[in-house]
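The values are calculated or read from the model by the stated rules, or taken from the named source; none is laboratory data. Not measured: the values here are computed from a predicted model. Cβ atoms come from the backbone with ideal geometry, glycine included; neighbour counts cover every protein chain shown. Side chains are part of the model used for accessible areas, which takes the heavy atoms of the whole protein and leaves out ligands, DNA and RNA. Shrake-Rupley method; radii C 1.70, N 1.55, O 1.52, S 1.80 Å.
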Amino acid sequence: MIPFTRILTVLMFGVLCFVLIVPLALQRHNMFIAIGISVAFVLYLIANVVLWRRMKRRA
């Protein structure tokens, strides 16, 4: 159940970032926000992979 919820959370964050925030930032010609949100998503994705691997090793 935990892998499913973790994947679902990452997907929801991805939709929030790349369907709502980044297009609005690009529409308003604000590249700083678009790049910042993209970098935040990549860091969030990496953190989730690392945490999931650590949890998987314990079990």
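What part of the accessible area of the chain, given as a whole %, is carbon or sulfur when the probe is 1.4 angstrom?
Taking all protein chains in place, the chain shows 76 percent carbon and sulfur surface.
Using label points projected 7 Å from each Cα along Cα→Cβ, tell me how many nm separate Asn48 and Ile35, to one decimal.
2.5 nm
May I ask for the distance between the Cα centers of region 8-23 and region 34-57, given as a whole number of Å?
Region 8-23 and region 34-57 have Cα centres separated by 13 Å.
Quick check on the chain: take the gyration tensor over C-alpha atoms, sort the square-rooted eigenvalues as a ≥ b ≥ c, and tell me if it's rounded (a/c under 1.5), prolate or oblate.
It comes out oblate by the Cα gyration axes.
Grab the DSSP H runs of the chain that are 4 residues or longer, score each as -39,500 (n - 2.57), total them, divide by all residues and round the 222 nm result to the nearest 500 deg cm²/dmol.
It comes out at -27000 deg cm²/dmol, rounded to the nearest 500.
On a 0 to 90° scale, report how tilted helix 31-58 is relative to the longest principal axis of the chain, with both axes built from alpha carbons and the result rounded to the nearest 10.
Helix 31-58 sits roughly 0 degrees off the main axis of the chain.
With the other protein chains left in place, how much accessible area per residue, in square angstrom, belongs to the chain at a 1.4 angstrom probe?
Counting only protein heavy atoms, the per-residue value for the chain is 84 Å².
Taking the 0 to 90 degree range and rounding to the nearest ten, how far is the long axis of helix 2-15 tilted relative to the main principal axis of the chain, both from C-alpha atoms?
Value to nearest ten degrees: 0.
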